[in-house]
Every structure is written in structure tokens, then in C-alpha cells.
Amino acid sequence: MFKTLEQDRPFIENKFHIVGEPFKPLGRWNYHGYAYDESTGLTDEQIQEGLKALSESIKNESHPVQKGKCFAYVLDNTRIDINEHDYFIGMWTWARPLTPYCRWGWETEKECPEAVETLDKYEYSGVAFGRLDYDHTVPDWDSLLELGFPGILQRLHDNYNEIVKNGGATQKQTEMYKGCVIAYESIVRFIDRLYKYALTKTHAKAKTYAECLKNLRDGAPTNTYEALQLIWLYFFIGEHIDNYQVRSLGFGLDSSVYPFFKKDMESGKFTKEEIREFLAYFYMQFSAIGNYWNQPMYLGGRDRNGNTRVSELSYIMLDVYDKLDIHNPKIQIRVANNTPKDFVYQALKMVQTGNKSLVFCNDEMITKCLMSKGATYEDAMDSLISGCYEYGIKDGGVAISGNLTNVLKAVSLVFENGYDSYSQKQVSIKTGELEELKTFKDFYNAFLAHIEYTTDDYLTALNKLEPGIADINPSLLFSGASKRCSKTMTDALDNGLNNGSGISLSGLGTAVDALMVVEDLVYNKKIVTLQELKTALDNNWVGYEALRHKALNCKHKYGRGDEKADNYAASIVRFYHKLIANRKNAHNCGYGLEIHSARGFISHGLKTLATPDGRRAGEETSKNASPHAGSDTQGVTALINSATTIDTAIVTTGFCLDVTLHPTSVQGESGVDVLYGVMRTYMDKGGQSIQFNVFDADLLRDAQAHPEKYENLQVRVCGWNVLWNNMPKSEQDMYILRAESLNK
Amino acid sequence: MKAKIFEIKRFAVHDGDGIRTTVFLKGCPLKCVWCHNPEGLTAKTELAYYAHKCVNCAECLKVCPTGAHFIENGIHKFDRSKCTACGKCVSECLGGALTLYGKDYTVGELLPLLIADKDFYAHSNGGVTISGGECLLYADFCLELLKELKKSGINTAVDTCGFIPKTALEKVLPYTDTFLYDIKAYDESVHIDCTGYSNKQILENLKFLDESGAKIEIRVPYVPNFNDNQIDKIGKFLAKLKNITKVRVLPYHNYAGSKYDSLGLKNTLPLTVPTKQEIDAAIKKLKEYGLNAM
């Protein structure tokens, strides 16, 4: 039965779509892999027809009940799979089938047209992208694993009866209860259907499946395999039917699964080898789905008493992942001062050999950040990571709206007095004609004024949408699992939890560089006037190459340990902090600041015309807390000193630095010491998350074709490092050859 | 007291253990044919001109007091004989094609730059390495600098070719945690062919250092057709010493050609580079002598 992964792997890789066939990366769920047994259910088209008819017939019911019934319809009718090449169940219909019925229609009903118009204005101009956030939920994994689906259902009944007994339930509570019950009952039926289908199978894994599904149908998981199967079921149904992205697997996959692992070891239910195999099949599901954002999960960290959560299972989980050589799921390693060094070293060795899917998160800073948002010390230690590097409290709340704001755009707005040439609209206030900006202070104040006005304007617009989110998409699966929401029978997104809002900065490094060039060339050296610089920008630098080079050569840039530039970065971050520090969202909760660009460094870059730092129209801006590509010419230590000049304790939701290293800088035994030294020093200086890029020969070829993207790439030659761009092509060629020969 | 520095390299990870900052002092008594740091050979300040980066903007012409930079048929030309290495052109160069190698520093000026990354040293068992050129040509300066570094609790390494008076080593010995010591050949004739000078003093100095109990990491550049026949003899010699912690075989490469061109120097770099098999064999051979070779 076991030791089958190698032969099964190609099959799983084709589970959700056929490898090699073209796809649109933003909607992987619109595809199918290998065919399922047709006798087990309906086609996607039939499901859509059924949903259409059903939703018509229940139009007068409450939203939670309508959604619950649609939810149940899909689970009752989708095709299923119990495959001999897999340990994790298959569910055919996954193209978010409820969206047209239970979200889009209700969205229009709930949205306020003026608010949407404002948000559209900012989105089209590239000032900011802000919308309700359906994409950052982490369920109450403790409840799910302790109770199982039937236990969650029972708790819903018990809590509702309690509410009724203590003075009665409101209509809203009753509808939420009904919706959740319909959904959870359908999950139990779905598992029963899978179980019975497993009984019809005769392949080697069928019995294992059947035992697991029977237990999950009847109660809580009893062993490691069942715990993983439950997490898989919740994830798959949550993302695709409940329609809220599930942004972590367990409260730390190692922590959540460890009690089961320990029990299995004691009882002899499974061997370590068998558990390794289950884990490998589990990881392969996410690799096969292949969402571009990568499925997050985390390992390590601390419990409520401050004890490390690293266990024997943590090492196993990391090792199994390493051996699969996949990059999805992505893993956050929570590093506290008491995290065993050999565990951190195990992860760093993976980085050393080219793994780029690990991010190292500073557990002490997570605690600090969450406490500054009001968490208790214990809750802040025993916290969660959701998504890329965002922190939260277990069963505490979700980010109800997210805004990705383009810091660089505010520089452009100064040049155009609030007008945006890209979208051809006046998008911000008038801060004065260029000749009125007599000093750099005038210019900088105008820059901040645009940030202040636009931030307030789009947050106000978003606040108008925020109250509607739960009614647009009742979070039945998510709220049903939540201990807190179940108690009050309130949707998590309707104040069932404490839902803050977030604002994320993108292009910070580039904005600082642009400001420094304005000061240096216009106000200090007086090489050009603001108007002349504007003309150069309007012409996308064409005909102004010499001026562009002067801009590129400006001494003060963020990311190279330049005190002036770094302090401007810190000051801009503090300005954003002040704007949101005492602000409340529509749920009467606070805002968190994040320096995390997501794809904003590309998408905002496309909508930002040429900027004073020498960047051309449409080019990328800086990502996360990192400098503009090429600005960090002084190496990684200077880069870290720059980034940690920012007061990271006020960046309470997430802060990540990307560090690029060449394999020769970190090879060998001492190379891990180097990585550790970089990571630990960054964290001691208050850095939050850090990820490494260790580049290989392919990358060097790209560096040769696009040198402007790799200004800081250093190549270790022998007794010295050299900047890649300082080598002429002939020498680069030899280096590439050498890098290739080392790979052999 | 000042020394001429041609580079301060932060995040240096191959000049001793951990994350280090390496400071390169200018001037060297040897003339190794394979030298990959030709900008460290002379003790004078020099202007390097990297022609492949020049964008022919002519900004340098405007500030050059001697007319060393000029334009001929739209192409920038540089007459080194007229250059006084004043460095005025460097900050004007739009393409970043000009670099001035050699700037005088006092210990007081240098120290803050070397201490900037102290936290990184602490977490990686790193520190500061003084290298060159040949740093011990400035033994008194090194002594003063090393004393200051030790006062700040920083691990120190001195990277030397050993072709210096014994007194220079004696001076720095009490303040140096590790010596990175080059052995290029055992046979004197081979050493003369490769570097222009005898190695008698180098081997004597190494014995002295070893006797004195210093921690020594040996570095052997491996250059085919030049010193590749010396490995066995080097191994035999080193095996008799007591304090050699590591022997690192450094595969020769010929990537430094552009530096020779930029400085107007004759490129002496050998053409043949070693294969991985040759390097592995050399390491194996050294290990046979009980050495911690890598």
C-alpha cells in the first residue's frame, strides 16, 4: 500500500488540470484534470443549471439560507473520486460555482455606486487598489480538529438552543444558524457519499480511505491521516464553495497535527515512514492546484506559555517538503529566540540549495505587532500567519478590506498638481503649480498631501462597502467552525469576529529614490528646474538620457545604508501610520499597516508613468520593504540596515524584505552560518519577515540580457566579490559556463 | 598615520569565517602572474576606465584639469599619461565607467565603516579581515587598526602573502585571531617563476607564525601549468606544522581581465583554468597529509 508516491506522483500532478496544457493563472479552478467516474454525479454544466433553477426557487429566503442550500446542492451532486493513485479525496466541481448566484447579484445590491466610482477612479489611475477582502481567512482549526464536522454541527445546535433558552434568537441569528446547519449537514452527507463510494473500490488504498472517511463522517479525526484529510476537505470546500480563501493549513501544520502524530507513534497506528508518505501526498495536492500565490502554511513559533512549537514532526514536515522539490505550498518558518537552531538550520540549508519558497518570520516581532493592536501577550504569542506574511489572532478576526496603495504615484501627482495623465483625470487635490514649490520641503509636503487626501478618500469609500460583506457572501463554513461566532450565531464578517482593515504599501523604495533625485537635481544642484524635469518625465526620458543617468547616479537611495534616504522611508511610513492610527473601519475596528506589495510592484508600475528616479513609464516599482531594483549597491548588510531604519513595530500587519544572494556567497558549511547571520541580525534589528533569493546560471543569463534589473547582483569569483555588471560580456560568459559546470 | 585603501568590501563571506567586512590595502611586494586584484599592485592611487561601460557623454571632459579625457570621432578616449588621479571625473561619469582605486584613510576614519556590520559578525562568527595587496606593508597601521577592532570585541583576520619582514608579523600577532596565509609554491624556482620572488622568507615566516601558536588558514591558489605540480610538496611541508586549521584550495580563474585593461596594465593572466576534477584531486592529496583541506 505504501511507498507508492513515486509512481502516483505524475497522476496527482494531473488531478486538477492536465500538465502542459495552457491555462490562465488567475483562475486555476476553471480547469479539470483526469476524468472522474460519471456515475458519481453531475457535470459542471448540470450543476450550474441546477443552481440556477434552485436559486430562482428560493429567492425569498435569507441570504445565509439561500447560500446554504446552494452549497448543499453542489456537495450533494458533484462528482467524486476515491483514487487508487491518491490518499486525498477528489471533488469535481470546483470552479467556485456559487459565485454567480450568492455573490455577484448580492454584491450589486449591497454596493454603494458612489463608493465604487471612487474606488474605480483610484484603481484605474494606479493610486490604490482597494476592495472587500474575501481572501484572507484562517478558520478555527482547533475547533475543527477537536470536533470534526459532526461535532461542529452539534455545537451549532447546542449553541442555538442555548441562545433560544436565554431570551430568544434574533431573526438574523436564526437565519445564520439555519444556513450553517444546512452547509455542515451537507458536508457530513458528502463525506458519507465518499465513504460509501470508497467501499465499492477494491484498490490497495480503498480500505484506508474508507476507515478515514467513516471516522470523519461520524466525528473528529483520530489519527494523522484523518487530520490531514479533514484539513484538505475544509480547504477545498472553503476556497471553492464557501468562497473564502483559506490562508493557512492548521494553526501551524506541525502544531495542529502533532497530537495526532504523537498518538499514532504511541499506538503504532502508523509508522513514521507512512506518515511521511501521507504528508507527501498532502503537499502534492497544493502543488498540483498550482495557484500563483502559492498555498501558505507555517511551522514553528511558540505556544501560549512561550514554549517552542517545534517538535519532531516539524523536522519531518520540512524534510518531506524538501525531498518533493516543489514550491507550493509555501512555508513560513516562525523563528523565535527559543526555536531550536538546528530546525532553523534545516530550513536555511534548503534555501542554500535553491529553495525559494521559505520565508522566515520573526516571532517576537509578531507578538509585538499583535499586542500593539490590542492582543494579550498570550494570544499574541499563540497567533497565526495568514497569507504571505500577515499576522492574526486565532479565531480573532479577518481583514475585511484590503488596500494596496502606490506610494510612488504621489510623486507623480505633485508634478501634475493632482491630475493623473495615465487615467486622464484629476484624481487628487491641487497642491500647487510647479513654480510655487520653491523648496524641497514644499515638494515633500505636496507629496504627503496627496497621500493624505487619496488615502482618506478611498478608505472612506471602502468603509461604505464594508458593512455589506457578510450579506454578500455569508461565511457559513468559516463562521460555523468558529467557536466565537458559533456562540453568538453571528457571521464572522458581520462582527462575529473583530475584523480590522488593512493598508499595504507598494513602491516605497522607488518613491524615496524619486524624492531624493528631485531634491538633489532640482533643489540642491539646480541642474534642472521642476518644469524641465517634468518635461523629461512627460517624454518618458526620451531625449534626456544624460539627465536620466544623473538621476540614476544620485547618491541618496533607499537600500544602501544611506542615512538620509532611509530616514525619508521611515518618515513616510510614520506618516501612513499616523493617518490610520486612530481610524476605525465600518466594523469599529482598527487598521493595520503593512509593507507588502503583493503584485502591486507590477500592476501599479504599469499605471505609473516615468518617475524622477530614472524609472521609465510602466516599469516595475520596488516590492515589499525592498529597494528599487539596483538601488542596493552596498550589499546585503547595508540593505538590512536600511530596511530596519523603518520603525517596524508600527507596521503591525506585515513587513517583508527580499534578499538576493548568489549561490557562491552561501555555499558550503559556513554558507549556512552566513544565512543565519543575515536572518538573525535582521530580526534582532526589528525586521519581521525575510526571504532569500539564491540565484543560479539561468538567472545569470537573464542578468546578462537585462543588466538594469540586477544592479546589485554580486558574483563571488575567488578571493573577492564583483558586481555582475562590472564584468564585460566575455567574462560573464565564462562565469555562466562555470556556474553550469558546477551544476553538473 | 594613513594607509591607502582600494576597497572596503561588506558582506565578504570568503575571507575567513562568517560574515565579514574586508578592507583592502593598496600595494603588493609580489607580482603574481595570475593576480586577480591588479588594482592592488601599486601603492599609488589610480584611475580605472572600464571602456565597456562608457556612454560617451563627455561629462568627464568638463572637469578634467589635465585633458586626460578627450573625444575622438565621437568616442571617448583616455590618455593615462596625463592623468593625475585627482578623481574629479568619477562622480561626473554617467555610465559609471570610471573608478578611483586608492584613498587614504586614518584608522579613525576607517573604524566606523568596519564596525557598521558588527551585529552581523556576532551572529555568524564573522568579523573584519585586513587584506590587500599586502596589508602588512602597512604593519603599524594594521597594528593600530587591529587594536581598535579588538577593543570593540571584533574578530580579526589578516590576509597576507607572507613576503614581509618577520617584525611585521610580530607586531600584529597579539591582535590577530586568524591569519589567512597564501602558499603559492614550495619550490623556490617555481615561486620565482610565478611571483617574481623567492619564497624563502614566506616559508620561514609561516614557521614562525606556527611556532607562535597563531591560528592559520592556508590558501593555495591552484593555477594549471604554473603551480599545479606543487601540491604534494606543499602538503608535505604543511603536515609538519601544528596550527594549520584549514587549507583552502582556490581554483584559479581568469575573470579579472577587464581590470587589467581598465588600469592600462599588461594582462598577465594565464589562459588555462582548472577543472573540478583537478581541484578535487588537489584537495584529496592535501587530505592525505592529514590536513583539513577544502
Fill in: Protection proxy ranking, peptides A:543-556, B:113-126, average beta carbon neighbours within 10 Å, highest first
B:113-126, A:543-556
Worksheet, complete the sentence: If unit charges are put on Cβ atoms (+1 for Lys and Arg, -1 for Asp and Glu) and the dipole of region A:75-120 is taken about its Cα centre, the option from A:80, A:104, A:92 lying farthest towards the positive end turns out to be A:80
Worksheet item: Among rounded, prolate and oblate, which fits region A:401-654 when a ≥ b ≥ c are the square roots of the eigenvalues of its C-alpha gyration tensor, a/c under 1.5 means rounded, and a/b larger than b/c means prolate?
Response: prolate
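Within 10 Å of each Cβ in B:118-129, how many Cβ atoms from other chains are there, averaged over the peptide? Each step should come with its number before you reach the end.
On the way: counts 2, 10, 12, 3, 4, 11, 11, 5, 5, 0, 0, 0.
So the per-residue partner count for this stretch is 5.
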Response to the item:
One checks the Cα atoms of region A:1-49 and finds Rg and Dmax, in Å, of 13.8, 42
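If you build the convex hull over the alpha carbons only and average its shadow over all orientations, what do you get for region B:49-169? Give it in nm² to one decimal. Walk me through the numbers on the way to the answer.
Details: hull surface 41.4 nm².
Approximately 10.4 nm², given one-decimal rounding.
Quote the charge dipole size of the protein assembly as shown about the Cα centre in Debye, to the nearest 20; the model charges only the Cβ of Lys and Arg (+1) and of Asp and Glu (-1). Can you show the working numbers first?
Values: 118 positive and 130 negative charges, 392 e Å.
Result for the protein assembly as shown is approximately 1880 debye, rounded to the nearest 20.
How much of the pair distance distribution for region B:239-294 lies past 15 Å, counting alpha-carbon pairs only, in percent? All intermediate terms of the calculation are to be shown ahead of the outcome.
Values: 915 of 1540 pairs.
When all Cα pairs of region B:239-294 are counted, 59 percent exceed 15 Å.
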Worksheet entry | Order by protection proxy (mean Cβ within 10 Å, highest first), peptides A:409-415, A:97-103 | A:409-415, A:97-103
Discussion item. Taking 25 °C and 0.890 mPa s as the conditions, I'd like the Stokes-Einstein D for region A:337-421 in µm²/s, using the Kirkwood hydrodynamic radius from alpha carbon pairs.
Written reply: 150 µm²/s
Worksheet item: Check residue A:620: other-chain or 5+ apart residues with amide H under 5 Å from its amide H, H built from backbone geometry?
Response: none
Worksheet entry | Amide H within-cut-off set for residue A:328, under 5 Å, with H built and near neighbours excluded | none
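Could you work out the Kirkwood radius for region A:195-250, taking every pair of different alpha carbons, averaging 1/r and inverting it, reported in Å?
On the way: mean 1/r = 0.0822 Å⁻¹.
Hydrodynamic radius (Kirkwood, Cα only) of region A:195-250 equals 12.2 Å.
So what's the net charge close to residue A:684: Lys and Arg +1, Asp and Glu -1, counting the other residues with Cβ under 14 Å from its Cβ?
Working: positive: A:368, A:680, A:685, B:118; negative: A:363, A:364, B:117, B:119.
So the surrounding residues net to 0.
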Fill in: Packing-based order for B:183-189, B:129-135, A:143-149, using average beta carbon neighbours within 10 Å, highest first
B:129-135, A:143-149, B:183-189
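Helix-only mean residue ellipticity at 222 nm, chain A, DSSP H runs n ≥ 4 weighted -39,500 (n - 2.57), per residue, nearest 500. What is it? Don't skip to the end; give the middle numbers.
Values: 29 runs with 365 residues, N = 744.
That comes out to -15500 deg cm²/dmol.
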Worksheet item: Averaged across the residues of B:16-29, what count of C-beta atoms belonging to other chains lies within 10 Å of each residue's C-beta?
Response: 2
Fill in: Given A:564/A:685; A:110/A:578; B:184/B:285; A:709/B:53; A:425/A:534, the pairs whose alpha carbons are separated by over 21 Å
A:110/A:578
Worksheet item: Top mean-square fluctuation among B:216, B:71, B:244, Gaussian network model of chain B, C-alpha springs under 10 Å?
Response: B:71
Practice prompt. Write down the percent of antiparallel bridges among all DSSP beta bridges whose residues are both part of chain A, to the nearest 5.
Written response: 40 percent
Worksheet entry | region A:248-386 - share of DSSP beta bridges that are antiparallel (%, nearest 5) | 10 percent
Worksheet item: So, counting K/R as plus one and D/E as minus one, what does the shell of residues with Cβ under 11 Å around residue A:515 add up to?
Response: -2
Worksheet item: Each residue of region A:237-250 in order: what ³J(HN,Hα) in whole Hz does its phi give by Karplus 6.51 cos²θ - 1.76 cosθ + 1.60, θ = phi - 60°, with x for Gly and Pro?
Response: 6, x, 5, 9, 10, 5, 6, 10, 5, 9, 9, 6, 9, x
Fill in: HN-Hα J in Hz across region A:634-646 - Karplus 6.51, -1.76, 1.60, θ = phi - 60°, x for Gly and Pro
9, x, 5, 5, 5, 4, 5, 4, 5, 4, 8, 5, 5
Fill in: Kirkwood-Stokes translational diffusion coefficient of chain B, alpha-carbon pairs, 20 °C, 1.002 mPa s, µm²/s
105 µm²/s
Response to the item:
In terms of the alpha carbon gyration tensor, root eigenvalues a ≥ b ≥ c, rounded if a/c is under 1.5 and otherwise prolate when a/b exceeds b/c or oblate, region A:107-218 is oblate
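Run through every distinct alpha carbon pair of chain A and return the Kirkwood hydrodynamic radius in angstroms, one decimal place.
Working: mean 1/r = 0.0366 Å⁻¹.
So the Kirkwood estimate lands at 27.3 Å.
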Practice prompt. Sorted from largest down, give the three principal axis spans of the alpha carbons of region A:641-693, whole angstrom values.
Written response: 37, 18, 17
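Rounded, prolate or oblate: which one fits region B:47-98, using the alpha carbon gyration tensor with axes a ≥ b ≥ c (rounded when a/c is under 1.5, else prolate when a/b beats b/c, else oblate)? Mind dumping the intermediate values first?
On the way: a/c = 1.43, a/b = 1.19, b/c = 1.21.
Rounded is the answer for region B:47-98, as its axis ratio a/c remains below 1.5.
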Worksheet, complete the sentence: Assertion target for A:201, B:4, ordered by fewest C-beta neighbours within 10 angstrom first, is A:201, B:4
Worksheet item: Plugging the Kirkwood radius over Cα pairs into Stokes-Einstein for region A:43-115, at a temperature of 4 °C and a viscosity of 1.567 mPa s, what D comes out in µm²/s?
Response: 94 µm²/s
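Count, for each residue of A:628-638, the Cβ atoms from other chains sitting within 10 Å of its Cβ, then give me the mean as a whole number.
Numbers: counts 0, 0, 0, 0, 0, 1, 4, 7, 6, 12, 4.
So the per-residue partner count for this stretch is 3.
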Fill in: Between region A:613-672 and region B:27-51, the alpha-carbon center distance in angstrom
32 Å
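Computed from the coordinates by the stated procedures, all read-outs in this text should not be read as laboratory data. For clarity, every value in this text was computed on a predicted model and none was experimentally measured. Glycine also receives a Cβ, built like all others from the backbone with ideal geometry; neighbour counts cover every protein chain displayed.
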